[in-house]
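Worksheet for the structure shown next.
The values are calculated or read from the model by the stated rules, or taken from the named source; none is laboratory data. All figures in this text were calculated on a predicted structure; none of them were measured in a lab. Cβ placement follows ideal geometry from the backbone for every residue including glycine, while neighbour counts extend to all protein chains displayed. Side chains included, ligands, DNA and RNA excluded: accessible areas come from the protein's heavy atoms. Shrake-Rupley method; radii C 1.70, N 1.55, O 1.52, S 1.80 Å.
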Amino acid sequence: MRIFFLMSLFVAISCDGESHAESVNADEMNRVTSFEGLVHLASSMSSQEFVPREPLPQALADLTYEEFCQIQFRHKKAVWWETPAPYWIETFHRGFVQQDCVSLFTIENSTAKQVPFSSENFDFGEKVQGLATLDVSGHAGIKIVGRFPGFGDVQEILTFLGSSYFRGRSGATAYGASARGLAVDISLPRDEEFPFFKAFWIVKPEATDEEVTLLALMDSPSVCGAYEFKLVPGSVETKISVKLSLHFRKIPEKIGIAPLTSMWIWGDGLQGPPGDKRPAVHDSDGLIIRTADDEWIWRTLARQSYPSVSKIYSGEIRGFGLLQRNRSFYHFDDHNAHYHKRPSVWIEPKQNWKNGSVELLELPGAHEGIDSIAAYWIPDERPQIGVPLTLEYDVLFFPGDHSEEKTTARATDFSIKRKNDDIDLTVRFSGVAVKDLKTVSIQESFVRGELVSKSAQKTDTGDWLVTLRFRATEAAPIELGVTLMDNESTVSERFMYLCPDKEPSFVYPEVYTRSE
């Protein structure tokens with residue numbers, strides 16, 4: 001289970017104690033059968049004051065992680081179990097850090113029907129048997145269960161749990177990096193606001209349907225939103241097509257569109273603690289951006305000893321994502337976490353996004369159970385009250401590198417060596433664009449750093465090893481970029497890195513440092 005570091009300021013929610021406004025909205029929820037109807041509801045709610053949520057019942061709030069894990073959904077209680085429908089709905093119980101209480105509806109024959117919460121849908125372990133009678137608990141979230149094409153067994157495909165987080169996977173991957181519906185006032189020197197999905201509607205699929213449609217209602221002090229998710233599971237790539245309509249109560253300083261959340265604690269460029277021999281621990285190893293000019297930017301992830309915010313690219317984009325590019329088991333050497341199976345996540349707008357920038361937030365993160373990475377697109381123009389913000393994009397979950405064939409070489413790995421004030425960074429570029437070249441030139445850039453020397457060496461396999469020796473010009477991390485050129489032609493993606501000026505040190509939990 002992943003604890004979302006970015007949700008540390010999350011406000012609790014309760015299923016009881018409805019206000020008049022909530023009661024009116026509940027009546028309207030029962031009449032939602034389409035995205036257009038949900039847009040009308042979100043617009044109506046945005047003209048009303050935000051209703052704060054009530055605290056989680058104490059018995060659920062006091063659960064430890066181990067106790068919460070003893071509450072398991074009974075698979076045979078799933079919605080549409082033993083029907084011809086190709087997908088089923090299971091739910092999560094509330095407790096521990098899962099404090100949301102969401103309303104759940106199905107849509108069948110153009111009619112919405114609420115799915116009530118029942119403790120009978122769950123098995124309770126020995127330590128939490130007393131919670132079996134607590135029927136006021138409510139749904140914490142939902143999961144879509146079914147079969148991937150070519151797979152015989154039933155598996156989880158997509159989950160919505162906590163705030164506006166959702167995680168998907170393909171048959172070739174396990175759960176890893178997450179997506180979010182929206183980020184509000186993220187990476188500012190104050191508390192972030194976390195919009196949350198307060199209700200879901202799932203359209204019952206026909207027996208032969210490959211796609212399942214979900215609607216979700218977002219709420220927060222600043223915004224109400226209508227979302228439509230069309231899920232198409234795949235054996236290699238799972239696609240979720242997103243349509244949204246945002247209606248603002250007040251104007252935030254910053255909104256992050258299509259935010260992605262992941263974890264990076266050590267790997268290329270940073271060694272782990274001496275007590276842990278795993279070479280790398282992360283769900284993603286880099287942020288990738290495809291510009292409107294079909295250039296590719298690869299910003300490998302880093303970890304400073306303090307929160308770091310980087311604006312990676314400003315301009316028109318065709319897409320961006322957080323990739324788990326390295327899928328070698330021995331890069332992680334972890335038989336339990338299976339980081340080599342974590343998915344890459346790609347955001348692809350239906351139409352290019354213009355007049356905005358891609359931002360990357362990197363947090364120190366105490367351990368691998370805490371998400372510490374976020375990437376999102378920020379429009380230059382702030383939203384307006386009374387003017388809906390509408391967008392459409394796809395979220396793709398798949399293994400390894402970007403699924404579309406690239407003509408430029410990729411930066412597959414890198415290493416850092418330090419000697420006195422000098423830093424040597426060696427990057428490996430691999431791909432057909434450079435394999436047959438006899439020579440290449442290096443285009444480099446530095447912010448808060450200066451170049452000492454550079455070199456490029458071709459390997460027996462046709463890769464190129466580029467080494468930059470540089471030093472810091474300020475007591476701050478050095479932003480650097482490297483691109484391979486063949487005369488005037490770009491033959492590689494733009495490798496970018498935020499290199500600490502000094503070797504960073506971290507205090508790791510005992511689980512990483514103790515001697516067995």
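Being out of contact with any Lys or Arg (no Cβ under 8 Å at 6 or more places or on another chain) and of a type in the set (Gly, Ala, Ser) is the filter here; which residues of segment 421-455 pass it?
Ala433, Ser441, Ser445, Ser455
Within segment 70-101, how many residues are touching a residue at least 40 places away in the same chain (Cβ under 8 Å) and either part of a strand (DSSP E or B) or within 20 Å of Phe166 (Cα to Cα) (or both)?
Qualifying residue count for the region: 19.
So, in segment 177-200, of the ones that are out of contact with any Ser or Thr (no Cβ under 7 Å at 6 or more places or on another chain) and open to solvent by less than 10 Å² (accessible area, probe 1.4 Å), which residue ends up farthest from Tyr227 (Cα to Cα)?
So in segment 177-200, the residues out of contact with any Ser or Thr (no Cβ under 7 Å at 6 or more places or on another chain) come out as 179, 183, 185-192, 200.
Within this subset, residues satisfying the condition of being open to solvent by less than 10 Å² (accessible area, probe 1.4 Å) are 179, 183, 186, 200.
Working: Ala179: 14, Ala183: 14, Ile186: 20, Phe200: 9 Å.
If we take residues in segment 177-200 being out of contact with any Ser or Thr (no Cβ under 7 Å at 6 or more places or on another chain) and open to solvent by less than 10 Å² (accessible area, probe 1.4 Å), then Ile186 is farthest from Tyr227 (Cα to Cα).
Between Leu104, Leu56, Leu60, which is open to solvent by less than 20 Å² (accessible area, probe 1.4 Å), in contact with a His (Cβ under 9 Å, 6 or more places away or on another chain) and either more than 22 Å from Asn30 (Cβ to Cβ) or assigned to a loop (DSSP other than H, G, I, E, B) (or both)?
Values: Leu104 fails: either more than 22 Å from Asn30 (Cβ to Cβ) or assigned to a loop (DSSP other than H, G, I, E, B) (or both); Leu56 fails: in contact with a His (Cβ under 9 Å, 6 or more places away or on another chain).
After applying the criteria, what remains is Leu60.
Considering each residue of segment 267-305, count those that are in contact (Cβ under 8 Å) with a residue 24 or more places away in the chain and not in a strand (DSSP E or B), and give that number.
Looking only at segment 267-305, we keep the residues that are in contact (Cβ under 8 Å) with a residue 24 or more places away in the chain, and these are 267-270, 272-292, 294-305.
Then keep just the ones that are not in a strand (DSSP E or B); that gives 268-269, 272-280, 283-285, 292, 294-295, 301-305.
Count: 22.
Yes or no, residue by residue, for (1) closer than 23 Å to Pro500 by Cβ; (2) at pLDDT 95 or above:
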{"position": "His402", "(1), (2)": "no, no"}
{"position": "Phe414", "(1), (2)": "yes, yes"}
{"position": "Lys417", "(1), (2)": "yes, yes"}
{"position": "Thr426", "(1), (2)": "yes, yes"}
{"position": "Val440", "(1), (2)": "no, yes"}
{"position": "Gly449", "(1), (2)": "yes, yes"}
{"position": "Gln457", "(1), (2)": "no, yes"}
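Collect the residues in segment 33-53 that are in a helix (DSSP H, G or I) and open to solvent by less than 90 Å² (accessible area, probe 1.4 Å), keeping them in residue-number order.
First, the residues of segment 33-53 that are in a helix (DSSP H, G or I): 35-46.
Of everything in segment 33-53, those that are in a helix (DSSP H, G or I) and open to solvent by less than 90 Å² (accessible area, probe 1.4 Å) turn out to be Phe35, Gly37, Leu38, Val39, Leu41, Ala42, Ser43, Ser44, Met45, Ser46.
For Ala456, state whether it is more than 30 Å from Lys277 (Cα to Cα) and among the hydrophobic types (A, V, I, L, M, F, W, C). Break it down into steps so the answer makes sense when it comes.
Values: more than 30 Å from Lys277 (Cα to Cα): yes; among the hydrophobic types (A, V, I, L, M, F, W, C): yes.
Spelling it out, Ala456 is indeed more than 30 Å from Lys277 (Cα to Cα) and among the hydrophobic types (A, V, I, L, M, F, W, C).
Counting only residues that are closer than 14 Å to Leu323 by Cα and either of a type in the set (A, V, I, L, M, F, W, C) or out of contact with any Pro (no Cβ under 6 Å at 6 or more places or on another chain) (or both), how many does segment 171-185 have? Show your work before the answer.
First, pick out the residues of segment 171-185 that are closer than 14 Å to Leu323 by Cα: 173-179.
Cutting the leftovers down to either of a type in the set (A, V, I, L, M, F, W, C) or out of contact with any Pro (no Cβ under 6 Å at 6 or more places or on another chain) (or both) gives us 174-175, 177-179.
Of the residues in segment 171-185, 5 are closer than 14 Å to Leu323 by Cα and either of a type in the set (A, V, I, L, M, F, W, C) or out of contact with any Pro (no Cβ under 6 Å at 6 or more places or on another chain) (or both).
Select, from Ser119, Ser110, Ser137, Ser47, the only residue that is modelled with pLDDT of 95 or more and among the small types (Gly, Ala, Ser).
After ruling out the rest, the residue left standing is Ser47.
Restricting segment 112-124 to residues that are under 11 Å from Ile71 (Cα atoms) and in contact with a strand residue (DSSP E or B) (Cβ under 7 Å, 6 or more places away or on another chain), which is least open to solvent (accessible area, probe 1.4 Å)?
So the residue we want is Phe122.
Name the residue, out of Val434, Val427, Val466, that is more than 18 Å from the chain's Cα centre (by Cα), surrounded by 18 or more Cβ atoms within 10 Å (Cβ to Cβ) and not in a strand (DSSP E or B).
Val434
Just checking, how many residues over segment 469-482 are open to solvent by 70 Å² or more (accessible area, probe 1.4 Å), of a type in the set (Gly, Ala, Ser) and within 15 Å of Thr426 (Cα to Cα)?
Number of matching residues: 0.
Which members of segment 483-516 meet the condition of being assigned to a loop (DSSP other than H, G, I, E, B), surrounded by fewer than 14 Cβ atoms within 10 Å (Cβ to Cβ) and touching a residue at least 60 places away in the same chain (Cβ under 8 Å)?
Across segment 483-516, the qualifying residues are Glu503, Ser505, Pro509, Arg514, Ser515.
Out of the residues in segment 271-283 meeting the condition of being at pLDDT below 95 and over 15 Å from Pro509 (Cβ atoms), tell me which one is surrounded by the most Cβ atoms within 10 Å (Cβ to Cβ).
The qualifying residue surrounded by the most Cβ atoms within 10 Å (Cβ to Cβ) is Gln271.
Return only the number of the condition from (1) surrounded by 13 or more Cβ atoms within 10 Å (Cβ to Cβ); (2) under 27 Å from Trp266 (Cα atoms) that Thr459 does not satisfy.
Status for Thr459: all satisfied but (1).
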